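Below: one structure, written as structure tokens.
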Amino acid sequence: MQMNEPSAISAGRKVGDVILDLRNISLSFGGVKALTNISFDVREHEIRAIIGPNGAGKSSMLNVINGVYRPQQGEIIYRGQHRKNMDCYAAAKSGIARTFQNIALFKGMTVLDNIMTGRNLKMQSNFLLQALYWGPARREEIAHRRKCEEVIDFLEIQHIRKTPVGRLPYGLQKRVELGRALAAEPQILLLDEPMAGMNVEEKQDMCRFILDVNEQFGTTIVLIEHDMGVVMDISDRVVVLDYGKKIGDGTPDEVRTNQDVIDAYLGVAH
Ligand SMILES: Nc1ncnc2c1ncn2[C@@H]1O[C@H](COP(=O)(O)OP(=O)(O)OP(=O)(O)O)[C@@H](O)[C@H]1O
């Protein structure tokens with residue numbers, strides 16, 4: 001992520017080839033089938049939404065993508081590599097970052113320190129050098145802090161950089177969580193209900209930041225969101241889940257007119 005220099009695609013966003021391909025994914029918890037034979041793909045630089053009623057399997061799908069859950073069946077192809085499942089650490093190391101439905105920040109730590117935790121996997125120097133804050137460790141920490149300050153500028157949260165996160169209103173905490181994910185310079189950003197619980201103004205701000213991240217840095221975004229207006233406005237393609245099954249997949253216009261999707265949202269029994 002080049003915060004100060006123009007990115008290679010900043011002049012215009014181009015959706016690329018498939019970067020992530022999920023094939024026939026099934027996941028159960030005991031007798032509960034969370035996902036049944038789900039297939040869909042994600043193209044580089046696109047904004048891909050996952051929608052569906054409560055309990056449809058959306059969060060489970062994100063957890064499969066970043067290796068928190070291991071599906072019993074199916075295959076995941078990430079950047080051309082075939083896997084039965086992802087591994088959490090490897091996923092993070094290979095450029096998949098995420099935010100959570102319920103904010104997962106260190107409430108007593110400042111905004112800057114929370115965002116710094118997003119750079120942990122990029123730190124090279126060993127524990128002893130870091131503890132002594134000496135030589136390469138010192139130079140490294142300065143470089144990481146600089147990157148975090150760039151994220152802070154980008155998200156327009158300079159005024160709260162030294163504030164403990166627990167003292168911030170909810171909408172700003174969500175923005176800090178986005179900042180921590182951005183600090184990892186992800187290729188794919190997984191956002192689990194980034195606008196949940198926000199007022200209209202906070203939602204507009206968050207929408208703008210998501211679009212800016214996508215446009216300026218070319219970050220591929222997979223997001224779960226309940227606000228249909230937002231989803232239809234900002235997504236390139238939408239996959240729709242219901243009771244763990246895929247019932248729709250296409251552009252916002254295609255999904256909007258899909259009868260199965262309309263029925264699922266209106267609660268029509270088949
Ligand atoms: N760790 C788990 N253990 C047991 N069951 C689980 C677990 N995680 C998810 N489930 C079940 O899997 C199903 C899908 O849940 P999931 O949270 O993925 O749905 P969702 O679409 O994200 O719902 P929501 O919109 O309410 O967040 C639900 O029946 C849920 O109870």
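The values are calculated or read from the model by the stated rules, or taken from the named source; none is laboratory data. Note that the structure is a prediction, hence the values are computed from the model and not measured. Cβ coordinates were reconstructed from backbone atoms using ideal geometry, including for glycine residues, and neighbour counts include every protein chain displayed.
Look at residue 237 and say whether it is within 30 Å of residue 152 (Cα to Cα), away from the ligand (no atom under 14 Å from the Cβ), out of contact with any Leu (no Cβ under 6 Å at 6 or more places or on another chain) and basic (Lys, Arg).
On the way: within 30 Å of residue 152 (Cα to Cα): yes; away from the ligand (no atom under 14 Å from the Cβ): yes; out of contact with any Leu (no Cβ under 6 Å at 6 or more places or on another chain): yes; basic (Lys, Arg): yes.
Yes.
Here is a yes/no grid of residues against (1) in contact (Cβ under 8 Å) with a residue 24 or more places away in the chain; (2) part of a helix (DSSP H, G or I):
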| position | (1), (2) |
| --- | --- |
| 20 | yes, no |
| 23 | yes, no |
| 56 | yes, no |
| 64 | yes, yes |
| 69 | yes, no |
| 76 | yes, no |
| 85 | no, no |
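Got a sec? Which of 112, 105 is part of a loop (DSSP other than H, G, I, E, B), away from the ligand (no atom under 14 Å from the Cβ) and surrounded by 19 or more Cβ atoms within 10 Å (Cβ to Cβ)?
On the way: 112 fails: part of a loop (DSSP other than H, G, I, E, B).
Only one candidate passes the filter, namely 105.
Of all residues in region 225-248, those being acidic (Asp, Glu) and buried (at least 17 other Cβ atoms within 10 Å of the Cβ) number 3. Would a scan of region 67-89 turn up a residue that is aliphatic (A, V, I, L, M), surrounded by fewer than 20 Cβ atoms within 10 Å (Cβ to Cβ) and within 15 Å of the ligand (Cβ to nearest atom)? The answer is yes, given that some residue of region 67-89 is aliphatic (A, V, I, L, M), surrounded by fewer than 20 Cβ atoms within 10 Å (Cβ to Cβ) and within 15 Å of the ligand (Cβ to nearest atom). Beta carbons closer than 6 Å, at least 6 apart along the sequence or on distinct chains, pair a first residue in region 159-171 that is surrounded by 11 or more Cβ atoms within 10 Å (Cβ to Cβ) with a second that is part of a loop (DSSP other than H, G, I, E, B) and not aliphatic (A, V, I, L, M) for 164/108; 165/107; 166/107; 170/197.
If a residue has to be among the hydrophobic types (A, V, I, L, M, F, W, C) and near the ligand (Cβ under 9 Å from one of its atoms) to count, how many in region 10-50 make the cut?
Of the residues in that region, 6 qualify.
Tell me yes or no: at least one residue of region 223-232 is at pLDDT 95 or above, in the same structural domain as residue 16 (by TED's automatic domain parsing) and not β-branched (Val, Ile, Thr). Yes, some residue in region 223-232 is at pLDDT 95 or above, in the same structural domain as residue 16 (by TED's automatic domain parsing) and not β-branched (Val, Ile, Thr).
Report whether or not residue 66 is under 17 Å from the mean Cα position of the chain (by Cα), of a type outside the set (Asp, Glu) and over 14 Å from residue 244 (Cβ atoms). Yes; evaluated as a whole, the condition is true for this residue. If only residues of region 51-66 that are of a type in the set (S, T, N, Q) and near the ligand (Cβ under 8 Å from one of its atoms) are counted, the one that is modelled with the lowest pLDDT is 54.
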